[in-house]
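The values are calculated or read from the model by the stated rules, or taken from the named source; none is laboratory data. Since the structure is predicted, the reported quantities are computational estimates derived from the model, not experimental observations. Using ideal geometry, Cβ is built from the backbone for each residue, glycine included, and neighbour counts are taken over all protein chains shown. Calculation scope for accessible area: heavy atoms of the full protein, side chains included, ligands and nucleic acids excluded. Shrake-Rupley method; radii C 1.70, N 1.55, O 1.52, S 1.80 Å.
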Amino acid sequence: MELQFLREFRHLSQTLDDIRSLVKEDPYTPILDAVTRIVGLDRSLMLILSTNGENLQVVSSAQIDDSLASRMHFTRGREPSLLWKALETGTTQILHHPADTEGFPPDFFPDPALVVFACVPIFRGSEPLGLMMVDRAESGQSLSDEDLLQLEVLTDQIAIALQNHDLHQKLSQKALELETRDQRISKELQLAKLVQDGVLPRTAPTWPGLAVATYFQPAYGIGGDYYHYFDGCSKGKVTCQNRVCQHCANELYGLLIGDVCGKGIPAALVMAVVHSLFQEKVLRESDPGQLLTEVNLSMKEILGAETRFNTSAFLGFFDPAKHSFTYSNGGHDFPLFFEARTGRIIPLESTGTLLGLFRESNFHQRSLALASGDRLFFYTDGLLEFFEREFHSTDEFAGLDDFLRQHRSDSASIFIGHIRQLIESSGQKDLDDITAILLAVE
């Protein structure tokens, strides 16, 4: 007898492993079918407790007509029936007569005299999940103590399987929500990138006597770095009657580079605002310091006095008639001026604070003379950080100085090409937005 029991228990254990691994849309039917087969039952039902704990819903039935099962409704009453008593006490209850409980259709018991119905609760710890109702109505055989023991052992494993299924469903729902959100964010990023691509220059300008090349790589597809080229006017374009800039004595070549604090969409939105402000104000003004002052005031008005958004900005104008470069630096990383005549590299230091910090900020301009062979190298802090990690340098400015000296004879496009190759072949991850621009005097 003990050997037979061990064989049955081994078979039972193997079946329980199958039950625990169930993560299907409907785990109830295969569970109930397995229980009915193992214990040798004629009929069985599985009922799950509602979220509010006031109703039991039939989720699966074995050897019972679906129309019959669908007419069963069990609601908690003032006087608990045996079904609710099983859930409240956590013990199996035996139903000897249909009158012992409510909710059964009259035709559920073909011969009430032959029915011994067991209500076996399903618990996970102290939490009731539902119950199984089983009988041997067709054969008229009673349920033995061994049958009830097997059912109780099974319900422990069924509870694990149902809990796993519930967790799987919740995780699947969460994964679906995350996928939907990811798709939405991806579309928003694509749209934001289209806007940023439309704002930034698509090609370098063709300025007589100057060569310009650019490398731009945002960290997340879009970012806070920005740059632009302007065909400026020393008199202000809005006052120009001629409307022809080429060979005009007032013509200026303007270059803007900046870095909004932050990354991603927020930084890109602020970048678009700042970029638009510069484009609008450069039509009336050619003094870089005055332009930065006006943009700073407009930023505070548009983004709010309490905003934490700020940006660095470097704006300079090359006057081809005077061969001079006039600039103002609002907290931007110092561009490097390579003077071919002396071989010196001179940093173009700040002439004011970051834009967007203080309404009262003032920005001043400086000028320097440019000659053939001179170079101006503009960049954002992402390039500084890259050089520091790439060359394990504690002074990233020294790394840029050395790089500029080593490639001082390269054309603008080849110089920027070296930077592009360094970055894209480095394998470095989590890079910041990177912008690099070289302006070479021919």
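Select the strands (runs of 3 or more DSSP E) contained entirely in the stretch 325-416, then report the ones holding at least 3 residues which are open to solvent by less than 30 Å² (accessible area, probe 1.4 Å) and at negative phi. Quick ask: steps written out before the conclusion?
On the way: elements: 336-339, 344-347, 366-369, 375-379.
The qualifying strands (runs of 3 or more DSSP E) are 336-339, 375-379.
Determine, yes or no, whether ALA62 is out of contact with any strand residue (DSSP E or B) (no Cβ under 9 Å at 6 or more places or on another chain), open to solvent by less than 20 Å² (accessible area, probe 1.4 Å) and either closer than 30 Å to GLN169 by Cβ or at pLDDT below 60 (or both).
no
Restricting attention to the stretch 286-315, which residues are in contact with a Pro (Cβ under 9 Å, 6 or more places away or on another chain) and either under 13 Å from GLU349 (Cβ atoms) or among the hydroxyl-bearing types (Ser, Thr, Tyr) (or both)? Even if it seems obvious, please write down each step before you answer.
Within the stretch 286-315, the first condition is being in contact with a Pro (Cβ under 9 Å, 6 or more places away or on another chain), and the residues that meet it are 309, 314-315.
Result: PHE314, single match.
Determine, yes or no, whether ARG124 is within 30 Å of LEU431 (Cα to Cα) and not hydrophobic (A, V, I, L, M, F, W, C).
Working: within 30 Å of LEU431 (Cα to Cα): no; not hydrophobic (A, V, I, L, M, F, W, C): yes.
Considered against the rule, which asks whether it is within 30 Å of LEU431 (Cα to Cα) and not hydrophobic (A, V, I, L, M, F, W, C), ARG124 comes out as no.
State whether the residues of the stretch 118-128 include one that is modelled with pLDDT under 85 and outside any helix (DSSP H, G or I).
Checked against the condition, which is being modelled with pLDDT under 85 and outside any helix (DSSP H, G or I), the stretch 118-128 yields no hits at all.
Quick one: what pairs do we get from the stretch 423-434, first residue in a loop (DSSP other than H, G, I, E, B), second at pLDDT below 80 and of a type in the set (D, E, K, R), C-beta under 8 Å, 6+ apart or different chains?
Here the result reads ASP432/LYS263; ASP433/LYS263, each pair linking the stretch 423-434 to a residue that is at pLDDT below 80 and of a type in the set (D, E, K, R).
Is it the case that the stretch 10-33 has a residue that's surrounded by 13 or more Cβ atoms within 10 Å (Cβ to Cβ), at pLDDT 80 or above and of a type in the set (A, V, I, L, M, F, W, C)?
Yes, the stretch 10-33 contains at least one residue that is surrounded by 13 or more Cβ atoms within 10 Å (Cβ to Cβ), at pLDDT 80 or above and of a type in the set (A, V, I, L, M, F, W, C).
Just to verify a result, which residue in the stretch 309-324, among those that are within 18 Å of LEU277 (Cβ to Cβ) and either outside any strand (DSSP E or B) or free of Cβ contacts under 8 Å to residues at least 24 places away in the same chain (or both), is least open to solvent (accessible area, probe 1.4 Å)?
Across the stretch 309-324, the extreme among qualifying residues is ASN310.
From the list GLY209, GLY198, which residue is open to solvent by less than 90 Å² (accessible area, probe 1.4 Å), of a type in the set (Gly, Ala, Ser) and closer than 26 Å to GLN421 by Cα?
On the way: GLY209 fails: closer than 26 Å to GLN421 by Cα.
Result: GLY198 is the single residue among GLY209, GLY198 that is open to solvent by less than 90 Å² (accessible area, probe 1.4 Å), of a type in the set (Gly, Ala, Ser) and closer than 26 Å to GLN421 by Cα.
Can you tell me how many residues in the stretch 127-151 are under 49 Å from the mean Cα position of the chain (by Cα) and exposed (fewer than 15 other Cβ atoms within 10 Å of the Cβ)?
1
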